[in-house]
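Taking it in order: structure first as structure tokens, then the write-up.
The values are calculated or read from the model by the stated rules, or taken from the named source; none is laboratory data. These numbers come from a predicted model, not from an experiment. Cβ placement follows ideal geometry from the backbone for every residue including glycine, while neighbour counts extend to all protein chains displayed.
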Amino acid sequence: MENQITNQTQNHSLHSDSGQAKKWKLRIIVGVIVIILLGIFFAGGYVLGKVTDGKITFKGDIELYKPTKLSNLFESKLLEQVWTIIQTDFVDKDKIDEKKLFYGAIAGFVSGLEDQHTVFLDPETTAEFEDAISGAFEGIGAEIAIKDGLLTIVSPLQGSPSERAGLLPGDIVFKVDGKDIFGLSVEKAARLIRGPRGTEVTLTIVRGDEDPLEIKIVRDVITTKSVEWQFRDDGLVHIKLKAFNGDTSELMKEFAKEVKAKNPKGIILDLRNDPGGLLDTALDVCSYWIENQVVLIEKFGDGRETKYQANNLAPFKNIPTVVLINQGSASGSEIVAGALQDYEISKLVGEKSYGKGSVQTLKKLPDGSSIKVTVAKWFTPKMRTINELGIAPDVEVDFTRADAEAKKDPQLDAAIKELQKK
């Protein structure tokens with residue numbers, strides 16, 4: 001009944017239903033909340049630059065589901081009574097937006113589950129999501145999420161306006177252009193931050209115990225290559241994965257050819273500020289180091305389990321490797337880091353990762369709206385859960401604001417020292 005396709009969050013398009021419903025399935029690994037707006041996704045978080053939340057599944061025909069009878073609680077006349085009071089007593093009756101009330105009621109219904117990754121998206125938000133994943137988009141290029149009730153920067157995308165402006169993982173956003181956003185949902189905050197290329201937005205952030213800081217960011221079109229590498233003079237190669245996107249697998253093949261030709265002494269796999277991306281791509285990356293072993297386990301609410309196995313020849317399995325992670329390493333990057341750590345293939349250096357270990361499905365509704373539902377949790381090969389916990393590095397090394405300003409990278413330096421021991 002349903003055809004599954006793997007799509008890249010930035011470079012592939014989704015097609016809407018016409019005539020008989022088309023069913024399409026987009027699998028994306030969680031990066032942290034739900035959709036991209038503003039060059040922000042909000043799919044587990046909002047990425048201000050592209051989508052990465054969980055595994056996102058589009059199903060174009062919700063009527064395939066057998067209707068489930070509402071409980072007696074929903075037979076109440078309460079909603080009708082509230083509507084009557086609003087229509088009768090509200091002072092600005094001419095300003096009532098019925099559609100906004102309707103979709104707001106559904107969003108509130110879903111929010112009662114108290115799962116930050118299960119959300120209802122109205123038609124406008126759903127359309128913005130589809131537009132965002134169909135190609136380049138405009139924004140500040142950062143992934144955001146609600147964490148402990150506060151809007152938090154998960155990771156600025158490499159080379160994005162947010163990174164150039166100095167945003168760091170863990171920054172808490174309190175104001176957007178002077179407007180207090182405390183209590184706003186991710187999607188509402190995202191709409192304040194997003195905007196066309198060349199326009200400016202000011203974020204008021206708090207970083208640790210420091211005083212509030214205003215950061216001005218000029219929005220831009222967000223397009224980046226997902227993989228970059230550099231062969232160093234000391235015989236090591238530093239490969240940076242910015243996300244697990246549609247171009248990642250091909251770029252990894254190019255990288256593998258160069259590794260075979262140049263035979264480096266060691267590999268530094270840099271997953272810092274990598275918010276995730278496509279599940280299949282994350283599994284493919286694991287397969288460069290892991291051969292024919294389980295790299296990921298999903299557990300569903302009904303007790304089912306799905307195990308994913310590496311299926312490559314593991315061309316890098318005999319090359320000493322160190323993985324760099326930080327607070328901005330989420331979802332797909334945590335899958336790779338967790339698997340390499342479990343099999344003791346690589347030490348992890350840096351800071352504890354973000355902790356996105358749940359799986360979402362996004363289902364399209366007949367009116368163009370959609371609902372994203374958490375359907376499973378994933379575990380490392382040793383059955384470790386990282387959801388809301390993150391992955392602890394083997395060698396903990398901080399990266400401070402002073403380091404960034406001085407253009408120092410103590411985490412990279414530590415990774416190099418680890419490889420020099422081998």
Residues within region 372-401 that are under 18 Å from Gly301 (Cα atoms), hydrophobic (A, V, I, L, M, F, W, C) and surrounded by 15 or more Cβ atoms within 10 Å (Cβ to Cβ), tallied: 6
The one condition in (1) out of contact with any Gly (no Cβ under 7 Å at 6 or more places or on another chain); (2) modelled with pLDDT of 90 or more that Ile153 fails to fulfil: (1)
Filter pass, Phe316 being at pLDDT below 95 and of a type in the set (Phe, Trp, Tyr): no
Verdict on Arg164 being surrounded by 15 or more Cβ atoms within 10 Å (Cβ to Cβ) and within 21 Å of the chain's Cα centre (by Cα): no
Breaking point among (1) assigned to a loop (DSSP other than H, G, I, E, B); (2) closer than 27 Å to Ile416 by Cα, for Gly246: (2)
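In region 74-98, which residues are closer than 23 Å to Val373 by Cβ and free of Cβ contacts under 8 Å to residues at least 24 places away in the same chain? Let's see the steps before the verdict.
Initial filter on region 74-98 (closer than 23 Å to Val373 by Cβ): 74, 79.
Hit for region 74-98 is Phe74, nothing else.
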Qualifying residue in region 286-304 (condition: outside any strand (DSSP E or B), within 20 Å of Gly355 (Cα to Cα) and β-branched (Val, Ile, Thr)): no
Wholly enclosed strands (runs of 3 or more DSSP E) of region 310-422 bearing at least 1 residues more than 21 Å from the chain's Cα centre (by Cα), over 16 Å from Leu283 (Cα atoms) and without any contact (Cβ under 8 Å) to a residue 12 or more places away in the chain: none
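Only one of these is charged (D, E, K, R) and touching a strand residue (DSSP E or B) at 6+ places or on another chain (Cβ under 6 Å): Asp270, Asp234. Name it.
Asp270
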Leading residue by the ranking (surrounded by the most Cβ atoms within 10 Å (Cβ to Cβ)) among those in region 355-371 that are among the small types (Gly, Ala, Ser) and in contact with a Pro (Cβ under 8 Å, 6 or more places away or on another chain): Ser369
Region 302-331: number of residues that are touching a Ser or Thr at 6+ places or on another chain (Cβ under 7 Å) and over 14 Å from Ala392 (Cβ atoms): 9
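Here are Asp234, Asp274: which of them is of a type in the set (D, E, K, R), in the same structural domain as Ala330 (by TED's automatic domain parsing) and under 23 Å from the mean Cα position of the chain (by Cα)? Lay out the reasoning, then the answer.
Working: Asp234 fails: under 23 Å from the mean Cα position of the chain (by Cα).
The unique qualifying residue is Asp274.
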